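Here is the structure we will look at, set down as structure tokens.
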Amino acid sequence: MNPFRFRIGLAGLAAALALLPLAAANAVPDFELPHAGDGKAFKSAAARGKIVALHFLLKTECPFCLKHTHTYLKRAAEVPGVVHVFIKPDTEEEIRSWSRDMPKDAPIYRDAGAALARRFEIPDGYQFHGQTVHFPALVILDAEGKEVFRHVGKDNVDRYRFDDFARKVAELRAKAP
């Protein structure tokens, strides 16, 4: 096993990050996000023991984000033991408008100013609907809260399909100690 991991952000290809021990590179500090509807917060520490799927969505009225979110919400029971967290950097009002056809308890959380997206080094600079936004991404955290997988889309339609997600979770569970 390679004791080091290289992480190079797409937005800053010129500046490589320092080498980090594998465990430290995978450690994700605890975070909290406010729910976009009822004010309840998602607390990463409270999700320990479960796989967490962080879905970084675009800042806009993105129809591809809607389709992605609806698909995952509809099929989530097919992969039990996973906590899905849909993350939008919009205002609360924009998120409520965007998610008006979803259940009020849908796990949609607000990432003000895309602070968590930046913390996870989700690149931005993508132009969509006249706005500069970060790329859509999926980050999977294992039961210990460590990042074990990520997919960063190349454009607004490049999303990690649910069937691929189900296979990836099965693969991760098979490798778990």
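The values are calculated or read from the model by the stated rules, or taken from the named source; none is laboratory data. All figures in this text were calculated on a predicted structure; none of them were measured in a lab. Here the Cβ is made from the backbone with ideal geometry for all residues, glycine too, and neighbour counts use every protein chain on show.
Summary of values
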quantity: Residue check, residue 77 free of Cβ contacts under 8 Å to residues at least 12 places away in the same chain, of a type in the set (A, V, I, L, M, F, W, C) and either over 22 Å from residue 52 (Cβ atoms) or surrounded by fewer than 21 Cβ atoms within 10 Å (Cβ to Cβ) (or both); calculated: yes
quantity: Per-region count, region 121-167, residues under 23 Å from residue 74 (Cα atoms) and without any contact (Cβ under 8 Å) to a residue 40 or more places away in the chain; calculated: 10
quantity: Unmet requirement for residue 103, which otherwise passes all of (1) closer than 18 Å to residue 40 by Cα; (2) touching a residue at least 40 places away in the same chain (Cβ under 8 Å); calculated: (2)
quantity: Residue match in region 121-130 (condition: more than 24 Å from residue 169 (Cα to Cα) and in contact with a Pro (Cβ under 9 Å, 6 or more places away or on another chain)); calculated: yes
quantity: In region 60-74, residue surrounded by the most Cβ atoms within 10 Å (Cβ to Cβ) [restricted to those that are out of contact with any helix residue (DSSP H, G or I) (no Cβ under 7 Å at 6 or more places or on another chain) and among the charged types (D, E, K, R)]; calculated: 67
quantity: Residue 165 within 15 Å of the chain's Cα centre (by Cα), in a helix (DSSP H, G or I) and surrounded by 14 or more Cβ atoms within 10 Å (Cβ to Cβ); calculated: yes
quantity: Single condition residue 133 does not satisfy, out of (1) crowded, with 16+ Cβ neighbours inside 10 Å; (2) among the aliphatic types (A, V, I, L, M); (3) under 16 Å from residue 34 (Cβ atoms); calculated: (3)
quantity: Any hit, region 83-97, residues being over 18 Å from the mean Cα position of the chain (by Cα), in a loop (DSSP other than H, G, I, E, B), loosely packed, with under 13 Cβ neighbours inside 10 Å and not hydroxyl-bearing (Ser, Thr, Tyr); calculated: no
quantity: Qualifying positions in region 21-56 - modelled with pLDDT under 90 and either charged (D, E, K, R) or outside any helix (DSSP H, G or I) (or both); calculated: 21, 27, 28, 36, 37, 38, 39, 40
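One line per residue, one yes/no per condition, for (1) under 27 Å from residue 48 (Cα atoms); (2) modelled with pLDDT under 90; (3) in a loop (DSSP other than H, G, I, E, B):
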{"position": "105", "(1), (2), (3)": "yes, yes, yes"}
{"position": "109", "(1), (2), (3)": "yes, no, no"}
{"position": "114", "(1), (2), (3)": "yes, yes, no"}
{"position": "121", "(1), (2), (3)": "yes, no, yes"}
{"position": "133", "(1), (2), (3)": "no, yes, no"}
{"position": "140", "(1), (2), (3)": "yes, no, no"}
{"position": "148", "(1), (2), (3)": "yes, no, no"}
{"position": "155", "(1), (2), (3)": "no, yes, yes"}
